[in-house]
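Here is the structure we will look at.
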Amino acid sequence: MTLAHAQTDVETLASVALGRADTATSRPRIDPKRVMGLADMGTVVLALALSAVVSGPMTVDGGPSSLRFLALGAATLPMWLAIMSSQRLYNVRFIGRRIDEVRRIVNATFLGSMAVALAGFFADIDVPRSRIVVLFVVVTLLVSVEREVARQIFSAMRTNGKLIRTVVIAGANPEGRELAAMLRTDSWLGYQVLGFVDDDPDTDPEPVPGVPLLGTVSEAGEILRARPGASVIVAASAIESSTTNRLARDLLDRGVHVELSSTLRDIASQRLVVRPLGRFPVVYVEPIQRDGWRKTAKRAFDVTLAVAAIIVTSPLVALAMVAIRLDSPGPVLFRQVRVGRNGRPFQVLKLRTMVQDAEARRDELLEANEADGPLFKMRHDPRVTRAGRFLRKSSIDELPQLWNVVRGEMSLVGPRPALPHETEAWDPLLTQRLRVTPGITGMWQVNGRSESSFEDYTRLDLYYVDNWSLLIDLAILAKTLPVVLLRRGAA
């Protein structure tokens, strides 16, 4: 389960507006909640001015309505701040995912726009409905952009060791160690693991290199008291439920934030719904719907975009074909058998980037393979032609696969189409990726491509299969363009 950020110090408008200092030494001096409150209000003021301009010059009682509208909007700023606070836009655990943040922004903007209209009614100022609609649209767009910029800034700061939240992990079993390793690797999450607590007498004094065992679970309260500001993440599979209950009660009474893993790795958090089942809170896992209107919508989207891309990129492909023909002998197109959905083989189309006998020479290069698992990658593959190196770096060689999309053999987004000999080395878990149509781009491609390990390849493809949605497809397509333009991870 993806961890939610545990910054929950400010629950109300007062703590946002006042930006109370935290006495804990591990907390940053900068109050992100206060900064975001000021940034939001500045963005609302800018949106008020822009909406007044967009709506056009109008007059009310012989006076300039734009100035009155701005004054009216400025008078409602405290209401905007209260509304945004009530929508939990200053509480990170509610806006960890972009989709959740955007939804709350839309709700807050609607209520804020209604507040401006209501203030105009009580002030006896006739505010046209068109101006309220424009205000709603402009505020939604500007605040969304401002929040995305802030998200990137905060992520960069956490990566550079700022805005760090210290944490102790309860449980040093494989799940607990994996959590610690992830938090150390993914520094943008903003966690620093201080150590473990565990009751197993055989636990290593240093379960993860550089992360010590601090004591037993029963000593967690005293350990946390000596580390002000630290929170706790409980590896649920490592500790009995009765012990977890006692630990959570004790720590919560001390004002320590507690997070509990779900033990479900790589299941999208939006698919998890906590509901009561008698005395037990249980987690319901929403099933993935791949058929019905979703399947039809994905296919229609694929065909429409693929046909448009074929038309737009046809001059580029033609130039690439000429370059291939002039650079080396052989056909301009390369056809190779790949494994499609439900194990059906098909011929994938690519622009040829290697010499004609590349397949025959593969076995003699196996010792130079730089990839792990059944994958084969060489950063300086001697079989690649001069033109081929550029075509691969720019991903132009993959444009003919748009015809595979039109024919229904591939999708724009999906797992990488595997070679038959690769599937022979798969375990039963990895064969589940054949439940969906392979794609030109996917999670593996936008997260490192040739730089990713086989473990990453497996995890990312299975995450896509298990959590597929149209929104995920759109997000991957949006990430693909900068990855291609910046040539990140291309072999």
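The values are calculated or read from the model by the stated rules, or taken from the named source; none is laboratory data. What you are looking at is a predicted structure, and each value in this text was computed from that prediction instead of being measured. Every residue, glycine among them, receives a Cβ derived from its backbone with ideal geometry; neighbour counts consider all protein chains shown. What goes into the accessible areas is simple: the full protein's heavy atoms, side chains included, and nothing from ligands, DNA or RNA. Shrake-Rupley method; radii C 1.70, N 1.55, O 1.52, S 1.80 Å.
Give the residues of segment 263-285 that are open to solvent by less than 50 Å² (accessible area, probe 1.4 Å), touching a helix residue (DSSP H, G or I) at 6+ places or on another chain (Cβ under 7 Å) and of a type outside the set (A, V, I, L, M, F, W, C), sorted by residue number.
Answer for segment 263-285, where residues must be open to solvent by less than 50 Å² (accessible area, probe 1.4 Å), touching a helix residue (DSSP H, G or I) at 6+ places or on another chain (Cβ under 7 Å) and of a type outside the set (A, V, I, L, M, F, W, C): 266, 271.
State whether the residues of segment 449-465 include one that is farther than 20 Å from residue 347 by Cβ, open to solvent by 30 Å² or more (accessible area, probe 1.4 Å), among the basic types (Lys, Arg) and touching a helix residue (DSSP H, G or I) at 6+ places or on another chain (Cβ under 7 Å).
Taking every residue of segment 449-465 in turn, none turns out to be farther than 20 Å from residue 347 by Cβ, open to solvent by 30 Å² or more (accessible area, probe 1.4 Å), among the basic types (Lys, Arg) and touching a helix residue (DSSP H, G or I) at 6+ places or on another chain (Cβ under 7 Å).
Say whether the condition of being open to solvent by less than 50 Å² (accessible area, probe 1.4 Å), free of Cβ contacts under 8 Å to residues at least 40 places away in the same chain and either among the charged types (D, E, K, R) or in contact with a Phe, Trp or Tyr (Cβ under 6 Å, 6 or more places away or on another chain) (or both) is met by at least one residue in segment 246-261.
No - not one qualifying residue is present in segment 246-261.
Of the residues 166, 109, which single one is of a type in the set (Ser, Thr, Tyr) and in contact (Cβ under 8 Å) with a residue 60 or more places away in the chain?
So the residue among 166, 109 that is of a type in the set (Ser, Thr, Tyr) and in contact (Cβ under 8 Å) with a residue 60 or more places away in the chain is 166.
If you go through segment 319-332, how many residues are of a type in the set (A, V, I, L, M, F, W, C) and either within 27 Å of residue 430 (Cβ to Cβ) or open to solvent by 50 Å² or more (accessible area, probe 1.4 Å) (or both)?
4
From 266, 250, grab the single residue that is part of a helix (DSSP H, G or I) and of a type outside the set (A, V, I, L, M).
Testing whether each residue is part of a helix (DSSP H, G or I) and of a type outside the set (A, V, I, L, M) leaves just 250.
Considering every residue within segment 124-140, establish whether at least one is among the aliphatic types (A, V, I, L, M), surrounded by 14 or more Cβ atoms within 10 Å (Cβ to Cβ) and within 27 Å of residue 93 (Cβ to Cβ).
Within segment 124-140, one or more residues are among the aliphatic types (A, V, I, L, M), surrounded by 14 or more Cβ atoms within 10 Å (Cβ to Cβ) and within 27 Å of residue 93 (Cβ to Cβ).
Among the numbered criteria (1) open to solvent by 10 Å² or more (accessible area, probe 1.4 Å); (2) modelled with pLDDT of 85 or more; (3) not small (Gly, Ala, Ser), which one does residue 410 miss?
It is condition (1) that residue 410 fails.
Can you go through 127, 145, 149, 167 and tell me which one is over 21 Å from the mean Cα position of the chain (by Cα) and either in a helix (DSSP H, G or I) or under 26 Å from residue 36 (Cβ atoms) (or both)?
167
Return the pairs, sorted by first residue and then second, in which the second residue is hydroxyl-bearing (Ser, Thr, Tyr) and surrounded by fewer than 18 Cβ atoms within 10 Å (Cβ to Cβ), the first residue lies in segment 339-352 and is closer than 21 Å to residue 290 by Cα, the beta carbons are less than 9 Å apart, and the residues are 6+ apart or on different chains.
Taking only residues 6 or more apart or on different chains, the pairs are 339/423; 343/423; 343/431.
Please work out if residue 177 is at pLDDT 90 or above, touching a Phe, Trp or Tyr at 6+ places or on another chain (Cβ under 9 Å) and open to solvent by 20 Å² or more (accessible area, probe 1.4 Å).
Judged against the criteria, residue 177 is a match.
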